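Peer 1: Dumping the structure here so I can ask a few things about it.
The values are calculated or read from the model by the stated rules, or taken from the named source; none is laboratory data. This is a predicted model, so every value here is computed, not measured. Here the Cβ is made from the backbone with ideal geometry for all residues, glycine too, and neighbour counts use every protein chain on show.
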Amino acid sequence: MTDILKIHPSDNMAVALVDLAAGQAITVESQTLQLLSAVPAKHKVYLRDLPPDAIPRLYGMPAGQTRRAVQRGEAATPENLAALQETLEANLPELPAWQPPELFDLPTTFQGYRRGDGKVGTRNYLLVVYSVLCAQVVAERAVSVARKAYGYEREDPWLDYMKGTSTVPADIISGYPGVDDITLLQHDTGCAIGEEGDVGPLLDYMAGYIHNPNVGGVLVLGLGCEKTSIRRLQQVVGEAHKPVVYLEHQQAGAEDTFMRAALDAIKELMPEVSHAQRQPVPAGALVLGTECGGSDGFSGITANPAVGVLSDLLVAQGASVLLPEVPEMFGGERLLAARAANPQVSTQVLELVQRYLDYARQSGTHLAENPSPGNVREGLTTIQIKSLGAIQKGGTSPVMGVLDYAQPLTGSGLHLLDTPGYDVTSTAAMAASGASLMVFTTGLGTPTGNPVTPVIKIATNHQTANNMADIIDFDAGAVLDGESLAEVGRRLYKVAIEVASGKQTANEVLQHYESAFWSRSATL
């Protein structure tokens, strides 16, 4: 293992792989320099003297702007490096033509669920959806009661903890082993929103979950007078190719009657959903969602590019990959545009990021504020540095299209998805667009899951993988030990196939089923 990494030949910054001391001599590409300051692991060091307002490069792209003159061997910090407010590159970089990777001895099938609409799922869930927040409490109660009744929910061990006793939770034994779980799609709106605002996107969002191939049956609960009414949702959903039951509170009458109707519907749905059987299907039937959260300075050199290898291996077989989090494309959008399948898609990529810049400005902020305090502390000093590492998850294949928030995916290959950088709204949107499997890289650790799509959590480093072992499924820190990205990515591919075939992820074991809708309009 080396102490420092220069990512691209044109870079004038490098990444410290271990803590480096002031005065220490380091060698980069046969050149030795003495460090003028301590450089913590994950942080960057300047490889040459730069004047004020200079543009240092990382990943071969602009990484920020110097606030003052900096010296060779000095650490990059928020005090001497600012984020760029605009993308300065005028032209798209020239990139080599994509060469699909060879699969060698990797599996090319998984055990999935074929659905009536031709899609393939990795899970078989019974999903409960509420059309408006007014129906949330009944929906939550119905899911909780049903999960306990059918054995999906253990007795809460924290009750014993509070009482000072200790018990071993019993194994979950479902009355319907063919149903993976009963889950709830959450959001906090459905009414008092503009017709030109969130009504359409929220209907699309709920319909996307109903159509998700990991869902075998659905119960939809509504109030009866909301803007996103069941009648309107039914029109958007159309033919679901699976059993869907719609119930309204105002039509049922008393809440007791409504609750009984909801539980009766679940009773009727469970045996129907359980009839689905896993069967061998091509890996090219997968729709992979990619996410990063709690990122650190190793994200862009270990876990994210390992996911990129996985993405390329799947795309080579005809699968689809979603790359969300538009704020974390700012600074890397021209690399993505240069990979576009055609000029129209290239323009769409650039317009996507520009729209988000305008959206942020209208809200009185800027994408430069995206990095969290934890991101900055762990070596992601500017949004450009964070973005250039984040887009590594998309691999190197051509960008085939750009999707609006929760827009259904219809083609194969890599697609960009319009979402915030906020993890829960981003992962939720990928499931609405059809993701049947997700990979989620993290440097600092985060437990976020999803109601219908398993999320493989990937640590960027050994420390996080060990410290938060109960939420981590894969450790990409082996890259720092000298294992090649290609090999780590291939190992991750095998894990992805296992999870797609039914192996539980940590988020499923811990029952992390978070979801949130991206609301962009005023509450009326």
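Peer 1: Take region 319-346 and flag every residue that is out of contact with any strand residue (DSSP E or B) (no Cβ under 9 Å at 6 or more places or on another chain) and among the acidic types (Asp, Glu).
Peer 2: Scanning region 319-346 gives a single hit, GLU333.
Peer 1: Same structure, new question: Residue by residue through region 62-99, note down the ones that are among the hydrophobic types (A, V, I, L, M, F, W, C), over 15 Å from LEU380 (Cα atoms) and assigned by TED's automatic domain parsing to the domain that holds ILE7. Even if it seems obvious, please write down each step before you answer.
Peer 2: As a first pass, look at region 62-99 and keep what is among the hydrophobic types (A, V, I, L, M, F, W, C): 63, 69-70, 75-76, 81-84, 88, 90, 92, 95, 97-98.
Then drop every residue that is not over 15 Å from LEU380 (Cα atoms), which leaves 69-70, 88, 90, 92, 95, 97-98.
Those that are among the hydrophobic types (A, V, I, L, M, F, W, C), over 15 Å from LEU380 (Cα atoms) and assigned by TED's automatic domain parsing to the domain that holds ILE7: ALA69, VAL70.
Peer 1: When you check ARG334 against the structure, is it basic (Lys, Arg) and farther than 25 Å from ALA41 by Cβ, yes or no?
Peer 2: Here the answer is yes, as ARG334 does meet what is asked.
Peer 1: If you don't mind, another one. State all residues of region 354-395 that are in a loop (DSSP other than H, G, I, E, B) and under 18 Å from the mean Cα position of the chain (by Cα); if no residue qualifies, say none. Before you say what the answer is, go through the steps one by one.
Peer 2: In the first step, residues of region 354-395 are kept if they are in a loop (DSSP other than H, G, I, E, B); the result is 363-366, 370-372, 378-382, 395.
Residues satisfying the conditions are ASN370, PRO371, SER372, GLY395.
Peer 1: For region 135-149, which positions are touching a strand residue (DSSP E or B) at 6+ places or on another chain (Cβ under 7 Å) and either of a type outside the set (Lys, Arg) or at pLDDT 95 or above (or both)?
Peer 2: Answer for region 135-149, where residues must be touching a strand residue (DSSP E or B) at 6+ places or on another chain (Cβ under 7 Å) and either of a type outside the set (Lys, Arg) or at pLDDT 95 or above (or both): ALA135, GLN136, VAL138, ALA139, GLU140, ALA142, VAL143, ALA146.
Peer 1: Could you list, in sequence order, all residues of region 452-475 that are surrounded by fewer than 24 Cβ atoms within 10 Å (Cβ to Cβ) and over 18 Å from VAL307 (Cα atoms)?
Peer 2: GLN463, ASN466, ASN467, MET468, ALA469, ASP470
Peer 1: Cβ-Cβ under 6 Å, sequence separation 6+ or interchain: first residue in region 26-45 and surrounded by 14 or more Cβ atoms within 10 Å (Cβ to Cβ), partner polar (S, T, N, Q) and part of a loop (DSSP other than H, G, I, E, B). Which pairs?
Peer 2: LEU35/GLN24; LEU36/GLN71
Peer 1: Regarding region 402-412, can at least one residue be identified that is under 9 Å from the mean Cα position of the chain (by Cα), under 28 Å from THR460 (Cα atoms) and either assigned to a helix (DSSP H, G or I) or of a type in the set (Val, Ile, Thr) (or both)?
Peer 2: No, the conditions are met nowhere in region 402-412.
Peer 1: Ok, one more. Test of understanding: among LEU444, LEU357, LEU388, which residue is surrounded by fewer than 23 Cβ atoms within 10 Å (Cβ to Cβ) and more than 30 Å from GLN504 (Cβ to Cβ)?
Peer 2: LEU357
Peer 1: Still on this structure, I have one more. Looking at (1) farther than 18 Å from GLY118 by Cβ; (2) touching a Ser or Thr at 6+ places or on another chain (Cβ under 6 Å), which is the only condition ASN214 fails?
Peer 2: (1)
Peer 1: Cβ-Cβ distance below 6 Å, separation of 6 or more or different chains: which pairs start in region 457-468 with a residue that is touching a residue at least 12 places away in the same chain (Cβ under 8 Å) and in a loop (DSSP other than H, G, I, E, B) and end on one that is hydroxyl-bearing (Ser, Thr, Tyr) and crowded, with 24+ Cβ neighbours inside 10 Å?
Peer 2: Once the first residue is touching a residue at least 12 places away in the same chain (Cβ under 8 Å) and in a loop (DSSP other than H, G, I, E, B) and sits in region 457-468, its partners that are hydroxyl-bearing (Ser, Thr, Tyr) and crowded, with 24+ Cβ neighbours inside 10 Å give THR460/SER299; THR460/THR302.
Peer 1: I would also like to ask the following. Return a yes/no flag: does region 113-134 have any residue that is assigned to a helix (DSSP H, G or I), at pLDDT 95 or above and either surrounded by fewer than 18 Cβ atoms within 10 Å (Cβ to Cβ) or not β-branched (Val, Ile, Thr) (or both). Walk me through it before giving the result.
Peer 2: Pass one, region 113-134, residues assigned to a helix (DSSP H, G or I): 133-134.
Those still in the list that are at pLDDT 95 or above too: 133-134.
Among the residues that remain, those that are also either surrounded by fewer than 18 Cβ atoms within 10 Å (Cβ to Cβ) or not β-branched (Val, Ile, Thr) (or both) are: 133-134.
The answer is yes; a qualifying residue exists.
Peer 1: Now, a different point. Would you confirm whether or not region 474-491 contains a residue that is within 26 Å of GLY208 (Cβ to Cβ), of a type outside the set (S, T, N, Q) and assigned to a loop (DSSP other than H, G, I, E, B)? Break it down into steps so the answer makes sense when it comes.
Peer 2: Initial filter on region 474-491 (within 26 Å of GLY208 (Cβ to Cβ)): none.
Taking every residue of region 474-491 in turn, none turns out to be within 26 Å of GLY208 (Cβ to Cβ), of a type outside the set (S, T, N, Q) and assigned to a loop (DSSP other than H, G, I, E, B).
Peer 1: While we're on this one: Restricting attention to region 473-524, which residues are over 30 Å from VAL18 (Cα atoms) and either in contact with a Cys (Cβ under 6 Å, 6 or more places away or on another chain) or basic (Lys, Arg) (or both)?
Peer 2: Result: LYS503, ARG520.
Peer 1: Shifting gears a bit: Does region 186-225 hold any residues that are within 15 Å of ALA516 (Cβ to Cβ) and in a loop (DSSP other than H, G, I, E, B), and which are they?
Peer 2: GLN186, HIS187, ASP188, THR189, GLY190, ASP198
Peer 1: Right, here's the next one. Could you say which residue among GLN251, GLN234 is within 16 Å of VAL128 (Cα to Cα), assigned by TED's automatic domain parsing to the domain that holds VAL143 and either in contact (Cβ under 8 Å) with a residue 60 or more places away in the chain or not in a loop (DSSP other than H, G, I, E, B) (or both)?
Peer 2: Among GLN251, GLN234, only GLN234 is within 16 Å of VAL128 (Cα to Cα), assigned by TED's automatic domain parsing to the domain that holds VAL143 and either in contact (Cβ under 8 Å) with a residue 60 or more places away in the chain or not in a loop (DSSP other than H, G, I, E, B) (or both).
Peer 1: Given the residues PRO271, PRO280, which is the only one that is in a strand (DSSP E or B) and either assigned by TED's automatic domain parsing to the domain that holds GLU226 or farther than 13 Å from ILE458 by Cβ (or both)?
Peer 2: PRO280
Peer 1: OK, next. Can you find, within region 63-106, the residue that is surrounded by the fewest Cβ atoms within 10 Å (Cβ to Cβ) among those that are among the hydroxyl-bearing types (Ser, Thr, Tyr) and modelled with pLDDT of 95 or more? Walk me through how you get there before you give the answer.
Peer 2: Filtering region 63-106 down to residues among the hydroxyl-bearing types (Ser, Thr, Tyr) leaves 66, 77, 87.
Subsequent filtering for residues that are modelled with pLDDT of 95 or more retains 66, 77.
Working: THR66: 18, THR77: 15.
Top of the filtered list is THR77.
Peer 1: Within region 425-436, can one find any residue that is on the phi < 0 side of the Ramachandran plot, at pLDDT below 95 and not acidic (Asp, Glu)?
Peer 2: Looking through region 425-436, none of the residues is on the phi < 0 side of the Ramachandran plot, at pLDDT below 95 and not acidic (Asp, Glu).
Peer 1: Also, quick follow-up: Taking region 498-515 as the search range and keeping residues that are assigned to a helix (DSSP H, G or I) and out of contact with any Ser or Thr (no Cβ under 8 Å at 6 or more places or on another chain), which one is surrounded by the fewest Cβ atoms within 10 Å (Cβ to Cβ)?
Peer 2: It comes out as VAL509.
Peer 1: Considering only strands (runs of 3 or more DSSP E) fully contained in region 4-100, which possess at least 2 residues that are farther than 27 Å from ALA486 by Cβ and of a type outside the set (Val, Ile, Thr)? Don't jump to the end; show me each part of the working.
Peer 2: On the way: elements: 13-16, 25-28, 31-34, 44-46.
Of the strands (runs of 3 or more DSSP E) lying wholly inside region 4-100, those with at least 2 residues that are farther than 27 Å from ALA486 by Cβ and of a type outside the set (Val, Ile, Thr) span 31-34.
Peer 1: Test GLY297 against the stated conditions and say whether it is in a helix (DSSP H, G or I), buried (at least 22 other Cβ atoms within 10 Å of the Cβ) and within 29 Å of the chain's Cα centre (by Cα).
Peer 2: Details: in a helix (DSSP H, G or I): no; buried (at least 22 other Cβ atoms within 10 Å of the Cβ): yes; within 29 Å of the chain's Cα centre (by Cα): yes.
Here the answer is no, as GLY297 does not meet what is asked.
Peer 1: Moving on to the next point. Please enumerate the residues belonging to region 360-385 that are surrounded by fewer than 24 Cβ atoms within 10 Å (Cβ to Cβ), within 17 Å of CYS292 (Cβ to Cβ) and either of a type in the set (Ser, Thr, Tyr) or not assigned by TED's automatic domain parsing to the domain that holds LEU288 (or both).
Peer 2: Within region 360-385, SER372 is the sole residue that qualifies.
Peer 1: Within the set of pairs 6+ apart or on separate chains, which have a first residue in region 293-308 that is within 12 Å of ILE458 (Cβ to Cβ), a second that is acidic (Asp, Glu), and C-beta atoms under 7 Å apart?
Peer 2: GLY293/ASP423
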